[in-house]
């Protein structure tokens, strides 16, 4: 459920952990991927089964009605790529999951789009940490890498 429960991008939390134990980065990426996909499926099913009673109030609480309406309209033209693009970008993936469920988008296509896009994010982050170490973790925390000096 990732950022549904934790109100920050999960990369901010896992990048330093991956940097601290680079040999466990693959396991961290895999667990994060599994949790993210499971959370997305829960939100999809929530919207699919009980949209009016539960999902709509959630959208209202987070003030995402305009985003939700825009995403739901895009499902009619290319749902797979909409889900893929939203879940790989730093946009609230929860809105895409709710819109896909509410639009009754095929769950197997939703599952593939979420799985592939989130795998790119989390395994890509792991590869960045392997290649660049703690400097990448510092960037995800919003700080400058130690070896980058500001030119005045």
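What follows draws every value from the coordinates through simple rules; no lab data is involved. Keep in mind it's a predicted model, so treat the numbers as computed, not measured. Here the Cβ is made from the backbone with ideal geometry for all residues, glycine too, and neighbour counts use every protein chain on show.
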Point to revise | Part-to-part distance (alpha-carbon centres) for segment 24-41 and segment 100-129, which is given in Å | key: 11
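For residue 120 and residue 12 in the same chain, what is the full-extension length gain: residue separation times 0.36 nm, less their Cα-Cα distance, in nm? Working shown, then result.
Numbers: separation 108, 0.36 × 108 = 38.88 nm, distance 1.62 nm.
Working it through step by step, the gained length comes to 37.3 nm.
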Point to revise | FRET efficiency estimate (nearest 0.05) - Cβ-Cβ, residue 52 to residue 132, R0 35 angstrom | key: 0.15
Point to revise | Burial ordering of 23, 30, fewest other beta-carbon atoms within 10 Å first | key: 23, 30
Exercise for review: Please work out the FRET efficiency for the pair residue 109 and residue 20, using the Cβ-Cβ distance as r and a Förster radius of 30 Å; give the result to the nearest 0.05.
Suggested key: 0.25
Review point. Under the Kirkwood approximation for Rh and a Cα-based Rg, what ratio Rg/Rh is obtained for segment 11-140?
Key: 1.04
